[in-house]
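Written below as structure tokens is the structure these notes are about.
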Amino acid sequence: AEAAEILQTFYLELRLRAPSDGTPVTARQLESLVRLAEARARLELRTDITANDAKDAVEIIKASLVDALSDQHGRVRFNRAGGKSTKRSKTKLFIEAMNARSSSADSAYFSMGDLHALAEELNLGIADIDGFIEGLNIAGELLKCGRLYKSASSDNNVGSQRFFRSREA
């Protein structure tokens, strides 16, 4: 009973604190709290959930929320523009800018310096641009061709068309 009260109190507090235009707090968070508390009890080979299990579950969720909703400066933001979704939107913005640049230029390829300049122009606020670019390469968003990079979703194949035309001649 005490464990259920701890979980319920935390869940209701989360719902009260979450802004209406931000990340919604749903019954899924409550279910997660219960599952974490149950798992904590099972770790100690118990079937009953204690208050300590509930407190541990609350601490895990708090740490998870801080990680997921923190901006690049470590401030917790409950709006959707906060943490992990920002990384996705930065990736999308960066790739779209690469695609736009490559369609207006005569080459779809970018040097590391070009990519750094693009990230700065877009004011993405990325501290480790090299790590960001490497992550995009690993995720398959960027293709690394020697020392140059190309967007995997680029419609502009000018560089490869030029390469194949020169081989045919």
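Just so it is clear, none of the values below were taken in a lab; they were calculated from the coordinates. Just so we're clear, the structure is a prediction, and the values are computed from it rather than from any experiment. Every residue, glycine as well, gets a Cβ built from its backbone with ideal geometry; the counts of neighbours run over all protein chains shown.
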Provide the gained length on full extension for the span GLU2 to SER107, in nm with one decimal, where the gain is 0.36 nm per separating residue minus the Cα-Cα distance. 31.3 nm
Between GLU59 and ALA97, how high is the FRET efficiency from 1/(1 + (r/R0)^6) when r is the Cβ-Cβ distance and R₀ = 45 Å? Nearest 0.05. 0.65
To the nearest 0.05, how large is the calculated FRET efficiency for HIS116 and ALA18 if R₀ is 45 Å and r is the Cβ-Cβ distance? 0.75
